[in-house]
Amino acid sequence: MYGKRGFSAGCLTGESRRFVTPTDCGVRSLGLQSNPRSLRWRIFPAPTEANRRLPVIVIRPEQPADVPAVRAVNQAAFGQPAEAAIVDSLRSSCGEAVSLVALEDDAVVGHIMFSPVTIDGADLPMRGMGLAPMAVAPEHQRRGIGSQLVAAGIDVLSERKCPFIVVLGHPDYYPRFGFVPASRHGLRCSWDGVPDEAFLVRILDERSLRSVSGTVRYSEVFDDAL
């Protein structure tokens with residue numbers, strides 16, 4: 001993850017304890033049930049020879065029964081308890097957080113969380129969402145599960161009219177989802193020492209961010225944990 005002294009062995013959004021570029025798998029269809037209480041995305045691998053026999057991965061909102069498994073996946077993926085503690089704190093303190101899980105045969109194999117961020121310096125405080133942390137169980141990495149979690153999260157936040165998403169992550173991985181260096185939009189991370197190319201933004205509503213610039217601040221939960 002990113003610490004106050006720089007990058008440590010892990011990353012808030014890596015699929016393992018270092019920056020990685022997960023192998024992406026094609027998505028053939030993305031179905032969304034109309035009942036928001038049973039929101040589920042069934043993501044099917046594209047029918048290529050390489051992934052023809054891969055099990056179906058289901059992505060849905062986290063449920064209370066998922067909490068122990070989500071904690072275990074984050075601890076295993078990052079090799080430390082910090083990210084799991086961040087998830088637990090955000091879950092209990094932030095009603096606006098979006099938490100999704102990836103299931104294989106009803107077992108949690110991946111997790112992603114988005115929580116509110118604020119742009120300081122704007123004429124009116126501008127709120128968006130920050131992607132962190134994201135984790136995939138080590139034995140399930142490099143199968144495109146992380147990519148499916150990111151794509152599903154973007155869909156959810158787009159539906160909720162979120163104006164932007166920021167992420168501190170690998171500059172070779174996130175551009176495929178439409179992320180660009182946040183500095184292009186006059187945005188900077190509140191944490192010292194973050195490389196420009198690693199702090200990225202996905203604009204979902206161009207109009208709302210016109211002439212907006214400033215410092216992006218995450219929840220105090222992150223400051224307390226880092």
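Overview of values
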item: Subset of the stretch 34-67 (residues that are assigned to a helix (DSSP H, G or I) and either at pLDDT below 55 or surrounded by 10 or more Cβ atoms within 10 Å (Cβ to Cβ) (or both)); result: PRO36, ARG37, SER38, ASP66, VAL67
item: ARG217 vs. criteria out of contact with any Ser or Thr (no Cβ under 9 Å at 6 or more places or on another chain), within 23 Å of CYS94 (Cα to Cα), surrounded by 14 or more Cβ atoms within 10 Å (Cβ to Cβ) and of a type in the set (D, E, K, R); result: no
item: Top-ranked residue of the stretch 140-159 - restricted to ones that are of a type in the set (D, E, K, R) and in contact (Cβ under 8 Å) with a residue 24 or more places away in the chain, ranked as farthest from ARG71 (Cα to Cα); result: ASP155
item: Matching entry among GLU139, GLU159 (being of a type in the set (Asp, Glu) and either over 27 Å from GLU104 (Cα atoms) or within 17 Å of the chain's Cα centre (by Cα) (or both)); result: GLU159
item: Residue within the stretch 194-212 that is more than 22 Å from GLU62 (Cα to Cα), under 18 Å from the mean Cα position of the chain (by Cα) and among the aromatic types (Phe, Trp, Tyr) present; result: yes
item: Members of the stretch 72-98 that are surrounded by fewer than 24 Cβ atoms within 10 Å (Cβ to Cβ), among the charged types (D, E, K, R) and touching a strand residue (DSSP E or B) at 6+ places or on another chain (Cβ under 8 Å); result: ARG91, GLU96
item: Scan of the stretch 185-197 for residues that are touching a residue at least 24 places away in the same chain (Cβ under 8 Å) and either touching a helix residue (DSSP H, G or I) at 6+ places or on another chain (Cβ under 8 Å) or buried (at least 20 other Cβ atoms within 10 Å of the Cβ) (or both), ordered by number; result: HIS185, LEU187, ARG188, CYS189
item: All strands (runs of 3 or more DSSP E) inside the stretch 148-226 with 2 or more residues being in contact with a Leu (Cβ under 8 Å, 6 or more places away or on another chain); result: 164-168, 199-203, 214-217
item: The stretch 162-185: number of residues that are under 12 Å from the mean Cα position of the chain (by Cα), of a type in the set (Gly, Ala, Ser) and under 13 Å from LEU204 (Cα atoms); result: 0
item: Members of the stretch 76-106 that are among the small types (Gly, Ala, Ser) and either assigned to a loop (DSSP other than H, G, I, E, B) or in contact with a Lys or Arg (Cβ under 7 Å, 6 or more places away or on another chain) (or both); result: GLY79, ALA84, GLY95, ALA97, SER99
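The values are calculated or read from the model by the stated rules, or taken from the named source; none is laboratory data. It should be emphasised that the depicted structure is a prediction, and the values quoted were computed from it without experimental measurement. Every residue, glycine among them, receives a Cβ derived from its backbone with ideal geometry; neighbour counts consider all protein chains shown.
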